[in-house]
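A.B. asks: Before I ask anything, here is the structure I am working with.
No lab work stands behind these numbers, since they all come straight from the coordinates. From a predicted model like this one, the values you see are computed outputs, not experimental measurements. FYI the Cβ positions are ideal-geometry reconstructions off the backbone, even for glycines, and counts take in every protein chain you see.
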Amino acid sequence: MNRPPQRRRANPRDVIARIAAPLALLAAFIAVIAVVSSSGGGGDRKASVGKLPHANGSAAKSSRPHRTHRRKTYRVKVGDNLSTIAENSGTPIARLTQLNPDLDPQALSPGQCVALSSPGDCR
């Protein structure tokens, strides 16, 4: 009778050696992501807007025109809160509350106008 060949049992040391390198790479990647997210990450993104990385590590300007003016108002969307509006607009929360004295941060509603640069922008 022909018997199928028996599979050799894997040595635990071989299994560990085979998966150790990919796990180390994954751990390094997670560590880099954690450092980038804890450092705010957003500031770096704004600095590189309009630039595309090259293979040699340098950056060149893209063909997109540079935006020279900032928005004066923001319309609240579903799920927005004052913190996300401040972060996305680059305006500190304290400045938003100063510009919008009647604004209740706990009761933002979609479509509501939030002034970003001067108090009278939402009239």
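A.B. asks: Which ³J(HN,Hα) values, rounded to whole Hz and listed in residue order, are derived for the stretch 23-30 from phi using the Karplus coefficients 6.51, -1.76 and 1.60 in 6.51 cos²θ - 1.76 cosθ + 1.60 with θ = phi - 60°, glycine and proline given as x?
C.D. replies: The phi angles translate into 5, 5, 5, 4, 5, 5, 4, 5 Hz.
A.B. asks: Work out how much length Gln106 to Ser118 would gain on full extension: take 0.36 nm times their residue separation and subtract the Cα-Cα distance, in nm to one decimal.
C.D. replies: Numbers: separation 12, 0.36 × 12 = 4.32 nm, distance 2.17 nm.
Roughly 2.2 nm would be gained on extension.
A.B. asks: Let me ask something additional. What are the ³J(HN,Hα) values, in whole Hz, obtained from phi via the Karplus relation 6.51 cos²θ - 1.76 cosθ + 1.60 with θ = phi - 60°, for each residue of the stretch 87-93 in sequence order, with x given for Gly and Pro?
C.D. replies: Taking θ as phi minus 60°, the curve returns 5, 5, 8, x, 10, x, 4 Hz for the stretch 87-93.
A.B. asks: For the residue pair Ala24 and Arg75, what label-to-label distance in nm results when each label sits 7 Å from Cα along the Cα-to-beta-carbon direction?
C.D. replies: 5.4 nm
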